[in-house]
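**Student:** Input: one structure, supplied below.
The values are calculated or read from the model by the stated rules, or taken from the named source; none is laboratory data. What you see is a predicted model, and the numbers here were worked out from it, not measured in a lab. A quick note on method: Cβ atoms are made from the backbone with ideal geometry, for glycine too, and the neighbour counts reach across all protein chains shown.
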Amino acid sequence: MERISNYKYLFFDLDGTLTQSEFGIIDSVLYALNKLGIEEPERDNLKRFIGPPLFDSFSRYYHMDQQKADEAVRLYREIYEVKGVYNQPLYEGIKDVLERLTKDGFTLLVVTSKPTEMAEIVLKHDGIREFFKDVIGPSRAERHSEKEYLIRTAIDLLGEYSETAPLSLMIGDRHYDIEGAVRAGIDSMGVLYGYGSREELEGAGATYIVETPEEIY
């Protein structure tokens, strides 16, 4: 496989790229829905909550108004912050990849739609926080967190946009990651071991697509 060497800054999505987040997320979504009297017979349907902001997902998939979506997010966090946040194991091989990339001189950042506070807990619990220069995510109070905005925030943090952007690569498993990178004007790498499909990633405009964590390296 050809080695890509023209990047310096690597932005990693969290859920579905670094961690298998479905366990903690799906259980927490089910908890919130049950508290609101909403039945979801198909557990696999809740995988669509992995990636986008929670408020958007509750609003879109269950036709909630602002007040009810806010309450759903509150209920979700009620259980997620106690239990779910600790049930996000790393993908096999990802820690080794992060270690190798760091030793090779790449600067790694996490760029995620998960609130920064929660992302920090996950990274520390899974033993990989040390590999990342910073964690870019929304605050707990924000309802929406566009990936393009988060990516641009990460680039601005690193230096002059015109100099940093060409050296940056967004790595993620869903079209939100890829589309955000396209709109921010940087290259992207879609990963197939997460929760998105090849069709989804290609349609979003991924510069590269890999099948395993090892192929990221």
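**Student:** Between a first residue in region 3-22 that is farther than 20 Å from residue 133 by Cα and a second residue that is assigned to a strand (DSSP E or B) and modelled with pLDDT under 95, which pairs have beta carbons less than 6 Å apart while being 6 or more apart in sequence or on different chains?
**Tutor:** 21/15
**Student:** Limited to region 90-132, what total is found for residues that are hydroxyl-bearing (Ser, Thr, Tyr) and more than 12 Å from the chain's Cα centre (by Cα)?
**Tutor:** 3
**Student:** If you don't mind, there's one more thing I want to ask. From 38, 25, 50, grab the single residue that is over 25 Å from residue 134 (Cβ atoms), in contact (Cβ under 8 Å) with a residue 24 or more places away in the chain and either loosely packed, with under 14 Cβ neighbours inside 10 Å or β-branched (Val, Ile, Thr) (or both).
**Tutor:** 38 is the lone residue from the list that is over 25 Å from residue 134 (Cβ atoms), in contact (Cβ under 8 Å) with a residue 24 or more places away in the chain and either loosely packed, with under 14 Cβ neighbours inside 10 Å or β-branched (Val, Ile, Thr) (or both).
**Student:** Which of the residues that make up region 30-58 are over 17 Å from the mean Cα position of the chain (by Cα) and part of a helix (DSSP H, G or I)?
**Tutor:** 30, 31, 32, 33, 34, 35, 43, 44, 45, 58
**Student:** Could you tell me which residue of region 102-117 is farthest from residue 137 (Cα to Cα), considering only residues that are part of a helix (DSSP H, G or I) and in contact with a Ser or Thr (Cβ under 9 Å, 6 or more places away or on another chain)?
**Tutor:** It comes out as 117.
**Student:** If you take the residues of region 143-160 that are over 15 Å from residue 11 (Cα atoms) and either touching a Phe, Trp or Tyr at 6+ places or on another chain (Cβ under 6 Å) or in contact (Cβ under 8 Å) with a residue 60 or more places away in the chain (or both), which of them is surrounded by the fewest Cβ atoms within 10 Å (Cβ to Cβ)?
**Tutor:** So the residue we want is 144.
**Student:** If you don't mind, there's one more thing I want to ask. Being under 17 Å from residue 94 (Cα atoms) and either outside any strand (DSSP E or B) or of a type in the set (Gly, Ala, Ser) (or both) is the filter here, so list the residues in region 159-201 that pass it.
**Tutor:** If the condition is that a residue be under 17 Å from residue 94 (Cα atoms) and either outside any strand (DSSP E or B) or of a type in the set (Gly, Ala, Ser) (or both), then 172, 173, 190, 192, 193, 194, 195 are the ones that fit.
**Student:** Which pairs do you get when a residue that is assigned to a helix (DSSP H, G or I), found in region 64-78, comes within reach of a residue that is of a type in the set (Val, Ile, Thr), reach meaning Cβ atoms under 8 angstrom, with the pair 6+ apart or on two chains?
**Tutor:** Close Cβ pairs (under 8 Å, with a partner that is of a type in the set (Val, Ile, Thr)) amount to 76/29.
**Student:** On to the next question. Check 192, 150 and return the single one that is among the hydrophobic types (A, V, I, L, M, F, W, C) and more than 19 Å from residue 56 (Cβ to Cβ).
**Tutor:** Answer to the selection: 192.
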